[in-house]
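K.L.:
My questions all concern the structure below.
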Amino acid sequence: MGNNTKKNKTLKVDKTCEWCYKPTNMPSVFASQIPILDWVEDKINLWCAENGYTRDQVWGESASWDEIEIPEELEMELMVYDELIFTIKKKVICSECLSDDDKMWKKYYLNDLDKDDTIDWSIEDIN
């Protein structure tokens with residue numbers, strides 16, 4: 001008699017995503033302390049719209065908080081958020097979180113000028 005039974009191969013998962021804490025087998029990548037947060041980005045956009053500023057005036061490379069009056073509480077929140085999303089170190093992030101973060105990046109940070117200089121990537125590229 002032939003051995004037609006399938007062996008149940010279970011994948012040993014010994015890593016945890018540092019953003020969502022789900023098990024993953026993804027390799028370490030360079031990533032921010034936290035993913036881009038939709039609710040914070042929306043809060044920035046809402047404050048800009050309500051106060052007559054563009055997003056670029058309030059958030060990003062060309063923002064100058066010396067020239068506009070941001071409420072102290074919002075300024076502190078933005079300073080912490082800035083530190084968390086722009087402090088990059090090597091860490092394990094699952095494919096779902098990487099994909100979601102990429103969508104948030106495209107939604108909030110990718111503008112028409114950047115599109116020519118972007119690098120297309122897929123989760124398979126880092127496996």
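Every read-out reported here was derived from the displayed coordinates using simple, explicitly stated rules and does not represent laboratory data. Quick caveat: nothing in here was measured; it's all calculated off a predicted structure. Neighbour counts are summed over all protein chains in view; Cβ atoms, including those assigned to glycine, are modelled from backbone coordinates with ideal geometry.
K.L.:
Okay, which of region 68-105 sit inside 15 Å, backbone N to the point 7 Å along the Cα-Cβ direction of ILE34?
P.N.:
Those under the cut-off are 74-88, 101.
K.L.:
Follow-up. Would you calculate the separation in nanometres between label points at PHE86 and CYS20, each defined as 7 Å from the Cα along the Cα-to-beta-carbon direction?
P.N.:
Output for this residue pair reads 2.8 nm.
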